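Values in this text are rule-based calculations from the coordinates and carry no lab data. Because the structure is predicted, anything quoted here is derived from the model rather than measured. Cβ sites come from the backbone with ideal geometry, for glycine too, and all protein chains shown count toward neighbours.
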Amino acid sequence: FITAQSRKSPHEKTGYVFLRCVITGNGGSSYAYLGRPWGPFGRVVFAFTYMDHCIKSAGWNNWGKVENEKSACFYEY
C-alpha cells in the first residue's frame, strides 16, 4: 500500500494529494495498491501521475470492509 489515509468525519478537510508524481517499482508486476482507507472516510487523489506495472489493476483495496467503498474517496486523474 502506498497510502492509508484517515479522516474522523466526511466533513474533515484533509486528505492526500499526489500531483505530477512518478510511481515505479522493482518487485515485479502488479504487487502494490495505491491505497486503502484507514477508517470509513479516507480521501486520496493521484493526479497527472505516471504509474508503471507495479500497481495492481484494481488500484485500491477496501481493507476487507466493503462498506468503506460507500464513504471513502479515492481518485485517479
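Just the residues that are outside any loop (DSSP other than H, G, I, E, B) and either crowded, with 17+ Cβ neighbours inside 10 Å or of a type in the set (Asp, Glu) (or both), please, taken from region 67-77. Within region 67-77, Glu67, Asn68, Glu69, Phe74, Glu76 qualify. State yes or no: is Gly64 part of a loop (DSSP other than H, G, I, E, B) and surrounded by 12 or more Cβ atoms within 10 Å (Cβ to Cβ)? So Gly64 does not fit the description; no.
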